[in-house]
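Before any comments, here is the structure.
Every read-out reported here was derived from the displayed coordinates using simple, explicitly stated rules and does not represent laboratory data. Predicted, not measured: the structure shown is a model, and the values here were computed from it. Reconstructed Cβ throughout: ideal geometry from the backbone, glycine too, with neighbour counts over all protein chains shown.
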Amino acid sequence: MKVAARAHVPPFAVMEILAAANARRAAGEHVLNLCAGEPSTGASDVVRQRAIDLLTAGDLGYTESLGAPGLRAAIATHYRGTHGVDVDPARVAVTTGSSGGFMLAFLAAFDVGDRVALARPGYPAYANILTALGCEVVDLPCGPEQRYQPTVAQLEALDRPVDGLVVASPANPTGTMIAPDELAALAAWCGEHGVRLVSDEIYHGITYPDASGETPATATAARYLRTGAVVVNSFSKYWAMTGWRLGWLVLPDDLVAPVDALAGNVALCPPALAQHAGVAAFSDAGMAAARANVERYAESRRLLLDRVPDLGWDPVAPADGAFYLYGNVASTSLDAVTYCARLLDEAGVALTPGTDFDPVGGRDWVRLSFASSPAVVAEAADRIVAWQGTL
Ligand SMILES: Cc1ncc(COP(=O)(O)O)c(C=O)c1O
């Protein structure tokens, strides 16, 4: 029987490594899992208690396709509190994780054959979903000289026009950020050229002070809805609610009705339990729990950056935000896939090969997630340094 050509998207290598790491764990090995981009803490107590109360009360029917009004209002209010931007709750679409948000945004914004530009390295699902939807992915190679982020100059230099641009700040796998003036320039350029800007802001809130003690400013594309920009965000990372499958879009006027219609047809609504409990993520206790997680990541990041000379990874991306260290392991003379397979096999540490994020240059890079506890990250660094010494 025929299988659609569109279904032939590459799987995430990280999922295979995760499965191998889990199998070793099940066999009793002490494996350190630093491959998944997943906080180890889980949802805050206040969110979990709210979910228990909701389950006990029992009424968890469908919500509106664009999400429960209370949650849409809470998300809109969050923009005033964190960015000083007024967002109309009518522009907020609650989605099944940011992954569900991407699917809806891409379906609503792009036609088959449309050209969408993406930074490389980058989160692989953007390219894979777009390809499955029949769009053409336009590669923007982004190296250290531009902090792994796309620039207006790069867009200007394209030989053919594009219909869309996807950016992420802080980015996965590099953790680098787009400065507020650069985001403003990208949004303005996109608005002028009829290019739909899609801004993945899933790692917002997870940022770290630089060497001078300044935390880099975080800009949201919610400021640029009038230029057609779309914001994608999620409860998965900052609020550590990965399995709850809860995210959101902030939409420009022209995409609200299309996303509403698509959302109703695709999934009826996002999970009701997660939505109603998710409101508690914005409570004082929910926000305090999220901030405490970021402090823990900051500690792990500090101790990891101190070990970079021992690790010999050169260069490493700046890791301004998110919870990843993306490092070049070319000095080991192993390609990243072999490096990760052998590291797991011989030292019990699971990392992700850079090829997941950059099919061209990623063979020299690995991504280490420091979202687990500082103790685990410290032990992983020890094991990696010792193992590299045996090569
Ligand atoms: C940059 C980025 N965007 C989106 C996602 C998808 O997350 P979720 O669907 O859980 O919101 C991830 C997950 O790792 C990510 O790293």
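Could you size up the charge dipole of segment 106-181 around its Cα centre, putting +1 on the beta carbon of Lys and Arg and -1 on that of Asp and Glu, and report it in debye to the nearest 20?
Numbers: 4 positive and 9 negative charges, 46 e Å.
That gives segment 106-181 a dipole magnitude of about 220 debye.
Just how large is the dipole of segment 58-283 about the Cα centre, in debye to the nearest 20, putting +1 at every Lys and Arg Cβ and -1 at every Asp and Glu Cβ? Walk me through the intermediate numbers first.
On the way: 12 positive and 22 negative charges, 97 e Å.
That gives a dipole near 460 debye.
Under a Cβ-only charge scheme (Lys and Arg +1, Asp and Glu -1), can you give me the dipole magnitude of the chain about the Cα centre, in debye to the nearest 20? Before the final figure, lay out each step's value.
Numbers: 27 positive and 42 negative charges, 141 e Å.
Its charge dipole is roughly 680 debye.
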_Fraction of antiparallel bridges per DSSP, segment 58-283 only, in percent to nearest 5_ = 30
*Among SER283, VAL116, GLY61, which residue has its Cα positioned farthest towards the positive end of the charge dipole of the chain, with +1 placed on the Cβ of Lys and Arg, -1 on the Cβ of Asp and Glu, and the dipole taken about the Cα centre?*
GLY61
*Distance (nanometres) between label positions extended 7 Å along Cα→Cβ at ALA217 and ALA375*: 4.1
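What percent antiparallel are the DSSP beta bridges of the chain, to the nearest 5?
Among the beta bridges of the chain, antiparallel pairing accounts for roughly 45 percent.
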*Distance-filtered residues of segment 356-391 - backbone nitrogen under 19 Å, label point 7 angstrom along ALA288 Cα→Cβ*: none
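Given the peptides 77-90, 249-262, 225-238, 274-287, arrange them by the average over their residues of other C-beta atoms within 10 Å, most packed first. Intermediate values should be presented prior to the final figure.
On the way: 77-90: 14.8, 249-262: 18.7, 225-238: 23.5, 274-287: 20.6.
Those peptides, ordered most packed to least, come out 225-238, 274-287, 249-262, 77-90.
If you take the beta carbon distance between GLU64 and ALA132 as r and set R0 to 22 Å, what does 1/(1 + (r/R0)^6) give as a FRET efficiency, to the nearest 0.05?
Numbers: r = 27 Å, r/R0 = 1.24.
Computed FRET efficiency for GLU64 and ALA132: 0.20.
In deg cm²/dmol and to the nearest 500, what is the mean residue ellipticity at 222 nm of the chain if only DSSP H runs of at least 4 residues count, each as -39500 (n - 2.57), divided by the residue total? Could the numbers behind the result be given before it?
Values: 12 runs with 159 residues, N = 391.
Counting only the DSSP helices, I get -13000 deg cm²/dmol.
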*On full extension of the chain, what length is gained from ASP88 through VAL112, given 0.36 nm per residue of separation minus the C-alpha to C-alpha distance?*
5.6 nm
*Point-to-point label distance, VAL360-ALA19, nm (Cα→Cβ direction, 7 Å offset)*: 3.0
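Net charge within 10 Å of PRO173 by Cβ-Cβ distance, Lys/Arg positive one each and Asp/Glu negative one each, not counting PRO173 itself?
Values: positive: ARG367; negative: ASP356, ASP358.
Around PRO173, the surrounding residues sum to -1.
Subtracting the Cα-Cα distance from 0.36 nm times the residue separation, let me have the gained length for PHE12 to GLU346 in nm, one decimal.
Values: separation 334, 0.36 × 334 = 120.24 nm, distance 2.23 nm.
My answer for the length gained is 118.0 nm.
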*Sort PHE370, PHE12, PHE106 so that the residue with the fewest other Cβ atoms within 10 Å of its own Cβ comes first and the one with the most comes last.*
PHE12, PHE106, PHE370
*Can you give me the pair-distance distribution of the chain, C-alpha pairs, 20 Å bins, whole percents?*
28, 59, 13, 0
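Relative to the present Cα-Cα distance, how much length would full extension add between THR77 and LEU55 at 0.36 nm per residue of separation?
Residue separation times 0.36 nm, minus the Cα-Cα distance, leaves 5.3 nm.
In a shell of Cβ-Cβ distance under 11 Å around TYR203, excluding TYR203 itself, what net charge do Lys and Arg (+1) and Asp and Glu (-1) give? If you can, show how the numbers build up before the last one.
Values: positive: LYS237; negative: ASP200, GLU201, ASP320.
Around TYR203, the surrounding residues sum to -2.
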*asked:* Along the charge dipole of the chain, pointing to its positive end and built from +1/-1 on Cβ of Lys, Arg, Asp and Glu, which listed residue (VAL92, ALA19, TRP313) has its Cα farthest out?
replied: ALA19
*asked:* As an exercise, use a Förster radius of 30 Å and the Cβ-Cβ distance of ALA257 and ALA188 to find the FRET efficiency, rounded to the nearest 0.05.
replied: 0.70
*Neighbouring Cβ atoms within 10 Å as the yardstick, rank GLU201, GLU145 fewest first.*
GLU145, GLU201
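Assuming a ≥ b ≥ c are the square roots of the Cα gyration tensor eigenvalues, decide whether segment 58-283 counts as rounded (a/c under 1.5), prolate (otherwise, with a/b larger than b/c) or oblate. Could the numbers behind the result be given before it?
Values: a/c = 1.76, a/b = 1.28, b/c = 1.38.
Cα axes put segment 58-283 in the oblate bin.
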